[in-house]
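K.L.:
Dumping the structure here so I can ask a few things about it.
The values are calculated or read from the model by the stated rules, or taken from the named source; none is laboratory data. Predicted, not measured: the structure shown is a model, and the values here were computed from it. Cβ atoms come from the backbone with ideal geometry, glycine included; neighbour counts cover every protein chain shown. Please note that ligands, DNA and RNA were not included when accessible areas were found on the heavy atoms of the full protein model with its side chains. Shrake-Rupley method; radii C 1.70, N 1.55, O 1.52, S 1.80 Å.
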Amino acid sequence: MTPGTAEKRWIVGVDLGGTNIVVGLLPIQGGDVLGFRTQPTESQRGARFVVNRIVQMVEEAIAEVTAEAGTTRHAVAGVGIGSPGPLDRKTGTVINTPNLGWRNFPLRDLIANAVKLPCTLDNDANCATYGEWWLGAGRGTQQLVGLTLGTGIGGGVVLNGEIYHGASDVAGEIGHMTIDSNGRRCKCGNYGCLEQYASGPAIAERAVEGLESGAVSMLTEMVDGKLELITAATVYEAAVLSDAYATEVMRDTARFLGAGVANIINILNPEMVVVAGGVTRAGEHLFEPLRAEVRRRAFRSAQEICRIVSGELPGTAGVVGAAAVFKRENYGHV
Ligand SMILES: [Zn+2]
């Protein structure tokens with residue numbers, strides 16, 4: 001081996017979210033996340049602060065993993081970054097992200113210049129789906145659709161081993177599928193988006209609305225009557241404890257999701273739909289009615305082939321997928 005061309009062994013994955021930044025190293029051939037670390041994003045402190053924090057976390061993770069392996073940073077191939085979008089992958093620019101308050105922000109190159117490694121940029125929800133496809137629930141599938149239920153609903157589509165980006169990098173915005181044409185107003189400007197019914201805050205909001213109009217439930221006691229403290233987690237905890245009203249709210253959530261998933265299945269005919277995020281801790285309280293709703297709505301041969309499963313990489317899917325995007329773009333395969 002000639003000097004300066006040390007064998008590349010790892011790719012850094014960065015998952016930038018509105019709340020937390022997560023960083024870790026992936027062996028190029030796949031494996032466990034190494035040097036894992038997470039810190040709050042604190043976007044209110046400004047874009048420069050966030051970039052500096054990412055750079056610092058990347059450098060620390062590289063130092064930790066390479067020291068442990070007795071090698072140097074030359075063994076790191078580069079950095080895959082997942083960020084909220086919309087974004088322009090070619091220029092590595094975040095076009096607009098309400099959660100971080102950024103506009104036309106050259107995130108990829110700022111990080112690449114600071115860490116002096118090649119970097120790639122893709123949408124965070126695409127990365128989470130790609131992570132599940134590479135090393136999680138979707139291993140070995142050809143067509144995979146991912147949904148991440150959190151503050152919003154992120155989506156991603158993998159076709160024949162590649163993220164499907166569409167004509168202008170917008171593909172996969174499953175959370176903004178209209179499921180009620182006269183429905184709730186969404187912050188994207190549309191009405192009746194899936195996200196307004198099945199995201200964490202939307203679940204809590206629907207639960208509180210029912211309680212305010214007289215529903216009886218242990219939820220009220222769980223928050224000492226302070227209904228504004230109810231979160232999606234409170235709702236699925238009560239459902240797991242067999243509270244009838246909370247179970248009904250989870251069933252409604254599953255029906256909304258089922259309508260969305262049935263639409264996806266009829267359009268893309270995927271082998272698998274992976275549903276990830278905190279809400280999936282409700283387990284069968286979510287998945288059983290979700291699958292039933294899909295059976296009622298989708299074409300039979302499409303829903304029979306499609307497995308609807310929970311994600312296998314909670315907390316790391318975004319990092320794994322960001323590294324997979326880097327590998328795909330630099331090695332031509334994952
Ligand atoms: Zn929307």
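K.L.:
List the residue pairs whose Cβ atoms are under 6 Å apart, where the first residue sits in region 196-216 and is at pLDDT 95 or above and among the polar types (S, T, N, Q), the second is within 16 Å of the ligand (Cβ to nearest atom) and assigned to a helix (DSSP H, G or I), and the two are 6 or more positions apart or on different chains.
P.N.:
Between residues of region 196-216 that are at pLDDT 95 or above and among the polar types (S, T, N, Q) and residues that are within 16 Å of the ligand (Cβ to nearest atom) and assigned to a helix (DSSP H, G or I), the close pairs are GLN196/ALA202.
K.L.:
On to the next question. Return the total of residues in region 55-81 being open to solvent by less than 10 Å² (accessible area, probe 1.4 Å), in a helix (DSSP H, G or I) and within 14 Å of LYS116 (Cβ to Cβ).
P.N.:
Of the residues in region 55-81, 2 are open to solvent by less than 10 Å² (accessible area, probe 1.4 Å), in a helix (DSSP H, G or I) and within 14 Å of LYS116 (Cβ to Cβ).
K.L.:
Let me ask another. Please go through region 126-155 and pick out each residue that is open to solvent by less than 10 Å² (accessible area, probe 1.4 Å) and either free of Cβ contacts under 8 Å to residues at least 40 places away in the same chain or hydrophobic (A, V, I, L, M, F, W, C) (or both).
P.N.:
Passing the criteria: CYS127, LEU144, VAL145, LEU147, LEU149, ILE153, GLY155.
K.L.:
Taking only region 288-309 into account, find how many residues are surrounded by fewer than 17 Cβ atoms within 10 Å (Cβ to Cβ) and part of a strand (DSSP E or B).
P.N.:
Total satisfying the criteria: 1.
K.L.:
Inside region 163-212, can you point out the residues that are more than 9 Å from the ligand (Cβ to nearest atom), within 17 Å of PHE256 (Cα to Cα) and open to solvent by less than 40 Å² (accessible area, probe 1.4 Å)?
P.N.:
Listed by number, the residues that qualify are ILE174, GLY183, TYR197, ALA198, SER199, GLY200, ALA202, ILE203, ALA204, ARG206, ALA207, GLY210.
K.L.:
Does GLY131 meet the test of being under 23 Å from VAL158 (Cα atoms) and in a helix (DSSP H, G or I)?
P.N.:
Taking the combined requirement at face value, the residue satisfies it.
K.L.:
Just to be sure before I move on: is PRO84 touching a residue at least 12 places away in the same chain (Cβ under 8 Å) and touching a helix residue (DSSP H, G or I) at 6+ places or on another chain (Cβ under 8 Å) in the structure I sent?
P.N.:
Yes.
K.L.:
Just to be sure I understand the filter: pairs with C-beta atoms under 8 Å, separated by 6 or more residues or on different chains, first member in region 172-188 and closer than 14 Å to GLY85 by Cβ, second member near the ligand (Cβ under 9 Å from one of its atoms) and part of a loop (DSSP other than H, G, I, E, B). Which pairs pass?
P.N.:
Qualifying pairs under 8 Å: ILE174/LEU194; GLY175/GLY152; GLY175/LEU194; HIS176/CYS186; HIS176/CYS188; HIS176/ASN190; HIS176/LEU194.
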